[in-house]
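Here is the structure we will look at.
What follows draws every value from the coordinates through simple rules; no lab data is involved. In this text, all values refer to a predicted model and were calculated from it rather than measured experimentally. Cβ sites come from the backbone with ideal geometry, for glycine too, and all protein chains shown count toward neighbours.
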Amino acid sequence: MAQSPKKAFDPRIEARVSEEEKRILQKAADILHLSLSDFVRIEVIPRAEEVIKKKEELRLNKKDSEAFVQALLSMPKKASNQFKKGAKKYKEAKSKGLINSP
């Protein structure tokens, strides 16, 4: 069975699975010429990233979307004094190298 190039791994994950689940996972790994560990990593990480991305996305239904747009449209046209003060402090801190931003 071919394995992917060795990388420096330290953290471990152990999972309890049934004999049938292990047989299925091992068969899939064998088909792809991967170790069971590499197969699980290659298949699970993208799924985990997908779960995280879906959780972090902001999803609004139609009613909430309309309320959000209405709130944006009804915002004051001029910046408040508090906003201006905050922007000034930010620019000063950035010019002193206290803030890293793109």
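Roughly how many debye, to the nearest 20, is the charge dipole of the chain about its Cα centre, given +1 on each Lys and Arg Cβ, -1 on each Asp and Glu Cβ, and no other charges?
That gives a dipole near 1180 debye.
Which residue, 26, 82, 70, has the most motion in a Gaussian network model of the chain that connects Cα atoms within less than 10 Å?
82
Cα to Cα, under 22 Å, and not fewer than 8 places away if on the same chain: which lysines meet these conditions relative to residue 96?
In chain and number order, the partners are 84, 85, 88.
Scanning the chain for GluC sites (Glu not before Pro) in DSSP loops with at most 12 other Cβ atoms within 10 Å, what's the longest stretch left with none?
No qualifying site falls inside 58-102, the longest such stretch.
Let me check I've understood the local charge: for residue 96, count other residues with C-beta under 15 angstrom from its C-beta, Lys and Arg +1, Asp and Glu -1. What total comes out?
+3
For an R0 of 25 angstrom, estimate the FRET efficiency from the Cβ-Cβ distance between residue 9 and residue 32 and round to the nearest 0.05.
0.85
Could you name the lysines in cross-link range of residue 91, using Cα to Cα under 29 Å and dropping any fewer than eight places away on the same chain?
77, 78
Given the -39500 (n - 2.57) contribution per DSSP H run of 4+ residues, what per-residue ellipticity at 222 nm results for the chain, rounded to the nearest 500 deg cm²/dmol?
Roughly -19500 deg cm²/dmol at 222 nm, from the helical runs in the chain.
Placing +1 on the Cβ of each Lys and Arg and -1 on the Cβ of each Asp and Glu in region 1-80, which of 71, 26, 42 has its Cα farthest towards the positive end of the resulting dipole?
Comparing the listed Cα positions along the dipole, 71 ranks first.
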